[in-house]
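Notes follow once the structure below has been shown.
The values are calculated or read from the model by the stated rules, or taken from the named source; none is laboratory data. For clarity, every value in this text was computed on a predicted model and none was experimentally measured. No Cβ is skipped: glycine too gets one built from the backbone with ideal geometry, and neighbour counts run over all protein chains shown.
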Amino acid sequence: MTHVLLRHREIPDIGKLSVYQNNGGLAAFKNAVTKMKPGEVIDVVKNSGLRGRGGAGFPTGMKWSFADAKSWPHYMVANADESEPGTFKDREVMENNPFQFLEGVMIGSYAVGANIAYIYLRGEFWQIAESLDRKISELEAEGYLGDKIFGTDYSLRIYTHLGAGAYICGEETALLESLEGRRGQPRVRPPFPPSEGLYGKPTIINNVETFTNVPMIMANGAEWYKSMGTADAPGVKIFSLSGRVRKPGNYELPFGTTFRDLIYKYGGGVQDSRSVRAIMPAGASSSLILVDDDSILDTPMDYLEVRKLKSELGSASVIIVDDTVSMDWLINKTVHFFRHESCGKCTPCREGTFWMSHLTERIHTGQAVRADVDLLLNVAKQMQGKCLCALGEFSTMAVVSSLERFREDFDKAVQA
Amino acid sequence: MSLAEKYPQEVQQILSKYPPHGKRSALMPLLFIAQRDEGYISKAAMQDIAALLDITETEVAGVVGFYTLYHEEKEGKYRIQVCTDLPCALRGAEGFMGDLCDHLKIKAGETTEDGLVTVEAVMCLAACDRAPMFQLQGPDAIEYHEHMTVEKTMELIGELKQSEE
Ligand SMILES: Cc1cc2nc3c(=O)[nH]c(=O)nc-3n(C[C@H](O)[C@H](O)[C@H](O)COP(=O)(O)O)c2cc1C
Ligand code: SF4
Ligand code: FES
């Protein structure tokens, strides 16, 4: 299969502007700006069924149509914070196929009427930001960005902005706070960003991978896009495969590919020929899928089917856990992460992640009694539904699911 | 000397990215310049930036304290930040970290005797398929080092040492 997003795997120099152009690049943007109304662009994206790749899977075209037409200016923001443990796809796109991502941002900006777009990157992606800055300058020099593009009334500028190490800044309202020069703490919603976002103005935020789909959809049409994937999730997805597999890496595949194909056909199987014990399809924020029956591996990966396994596909950062791993160790890791990353704004999450980490550490180091395990489950369940943003909820996912589905590991870890 | 005097063009270029009422957005980029300049963010730099952006020093300090890439103290000149988060840990990151610390005769979080490197455990760096890995945070750059071994890391530290002499 030729790639739709990771096109540098067939066209190694696609990161050069001339090569990108020779392969059809920027024609979709030019066509949109010179021949289409913004609403028509939104309709194509709506019809393609494209859903956001940042985790929530929200329909992209619909989000774009929410930009409040009574309040101006509008802003476009690309979320390149990529900090979910197990996720490393946006980085590959930006490093290797940057113009397709930028063209997606440009088409999206035109569609929502934004004249300024910001790309918010995690601080560690400092080199990527510098390289994007150079690409943006090239686009300016060739008249694709700047004032009165192609002689129309449309103007657009793109700027990169670096975060400085905080997972929570991937949450869209925390990202906006951070972009405004504040601590990255989520805002109370409503209002939602499409009505009041950056500097209080309508703001559309999408993930890097979401944007990267857009030029191909505009060039080839919604029907072409829908011919791939499933009815629930049309198109292709970059699966970041990690953990105990032989060939970890990014695999761009149609939605609906099975876990089995991802792990065995593409990922080369489990390390040391062990067997899959659990799957975390959405990185550290996942509920663990218990693989006690081999047929579970035949589940097609889209949002709906993974939900039937009482988990979420999220950003499709698929972490493979084999039968050498004990879950008391695993959740000690995830809880430690969330405790470190909790922004501290609301009590249930701040206190809850603190207490959970205290308990998982005790359990993992063999200092706990059975009552501590029950207490852990209790703390996690108490947090659910009470946190201001999804991070608090995420922190409980691996805990509750592993206690419910892998209880024997915890019974073994506590003193009799 | 203030940042605006020392790096007028760079500061101007940063300020030009944001609308006038969004001037405060320049805070984080300016903090990166200050840190590049001195290796950490000093009190004087915070005062300087606060004045430049018409905000209080407390607000600046609040932002510095919130983000892990800003440092308020001068530690090792280089920070080797090893990812020991779950996906990397499933691929041997904890063993690597332990061996590296043994080789350097320090514990995680500590600095080598010569003050050259601090070794720290950090969260996911979006390189989970290339574990063991770390980022090398130096005075003016962050570099990723992937598929690492203790041997390769010691070589790298040797090179850093040489470049200091
Ligand atoms: C704690 C937390 C972390 C998140 N991290 C990211 C991230 O790193 N990248 C991302 O695109 N979305 C992230 N999201 C989702 C964003 O809030 C938002 O839904 C997304 O950027 C929207 O883009 P999309 O519609 O294209 O998916 C995160 C959400 C939460 C709650
Ligand atoms: S749930 Fe956690 S991360 Fe989210 S706002 Fe509350 S304290 Fe911050
Ligand atoms: S877990 Fe180490 S880079 Fe992602």
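Residue count for the stretch A:36-91 satisfying the condition of being of a type in the set (Val, Ile, Thr) and either within 14 Å of chain B (Cβ to nearest Cβ) or within 16 Å of ligand 2 (Cβ to nearest atom) (or both): 2. Scanning the stretch A:172-195 for residues being on the phi < 0 side of the Ramachandran plot and without any contact (Cβ under 8 Å) to a residue 12 or more places away in the chain gives a total of 4. In summary, helices (runs of 4 or more DSSP H) completely within the stretch A:160-262 and bearing 2 or more residues that are within 12 Å of another protein chain (Cβ to nearest Cβ) and either within 28 Å of B:CYS128 (Cα to Cα) or among the small types (Gly, Ala, Ser) (or both) occur at A:172-179.
Check whether at least one residue in the stretch B:152-164 is among the charged types (D, E, K, R) and within 13 Å of another protein chain (Cβ to nearest Cβ), and report yes or no. No, the stretch B:152-164 contains no residue that is among the charged types (D, E, K, R) and within 13 Å of another protein chain (Cβ to nearest Cβ). Any chance the stretch B:45-61 includes a residue that's under 22 Å from B:LEU156 (Cα atoms) and either modelled with pLDDT under 95 or more than 13 Å from every other protein chain (Cβ to nearest Cβ) (or both)? The answer is no; no qualifying residue exists. Among the strands (runs of 3 or more DSSP E) confined to the stretch B:64-165, the ones with at least 1 residues that are surrounded by 23 or more Cβ atoms within 10 Å (Cβ to Cβ) and among the aliphatic types (A, V, I, L, M) are located at B:78-83, B:117-122. The single residue among A:LYS70, A:LYS135 that is part of a loop (DSSP other than H, G, I, E, B) and among the basic types (Lys, Arg) turns out to be A:LYS70. Quick check on B:PRO87: is it facing chain A (nearest Cβ under 8 Å) and in contact with a Pro (Cβ under 7 Å, 6 or more places away or on another chain)? It is true that B:PRO87 is facing chain A (nearest Cβ under 8 Å) and in contact with a Pro (Cβ under 7 Å, 6 or more places away or on another chain). Condition test on A:GLU124, is it within 16 Å of ligand 3 (Cβ to nearest atom) and assigned to a helix (DSSP H, G or I)? Considered against the rule, which asks whether it is within 16 Å of ligand 3 (Cβ to nearest atom) and assigned to a helix (DSSP H, G or I), A:GLU124 comes out as yes. Taking the condition within 25 Å of B:GLN135 (Cα to Cα) and either hydroxyl-bearing (Ser, Thr, Tyr) or out of contact with any helix residue (DSSP H, G or I) (no Cβ under 7 Å at 6 or more places or on another chain) (or both), does A:ALA129 pass? Yes, satisfied. Remark: pairs (first residue in the stretch A:381-395, in contact (Cβ under 8 Å) with a residue 40 or more places away in the chain and away from chain B (no Cβ under 14 Å); second residue of a type in the set (Val, Ile, Thr) and within 16 Å of ligand 3 (Cβ to nearest atom); Cβ separation under 9 Å; 6+ apart in sequence or on different chains) are absent. What about A:VAL306, is it aliphatic (A, V, I, L, M) and over 21 Å from the mean Cα position of the chain (by Cα)? Judged against the criteria, A:VAL306 is not a match. Kindly establish whether A:VAL335 is within 16 Å of ligand 3 (Cβ to nearest atom), of a type in the set (A, V, I, L, M) and in contact with a Lys or Arg (Cβ under 7 Å, 6 or more places away or on another chain). Taking the combined requirement at face value, the residue does not satisfy it. For the stretch A:156-164, the criterion of being under 30 Å from A:CYS346 (Cβ atoms) and among the β-branched types (Val, Ile, Thr) is satisfied by no residue at all. Listed by position, the helices (runs of 4 or more DSSP H) contained in the stretch A:347-416 that have at least 2 residues being out of contact with any helix residue (DSSP H, G or I) (no Cβ under 7 Å at 6 or more places or on another chain) and more than 26 Å from A:ARG189 (Cα to Cα) are A:370-383, A:390-405, A:407-413.
With respect to A:ASN220, determine if the residue is closer than 22 Å to A:THR2 by Cα and surrounded by fewer than 24 Cβ atoms within 10 Å (Cβ to Cβ). Taking the combined requirement at face value, the residue satisfies it.
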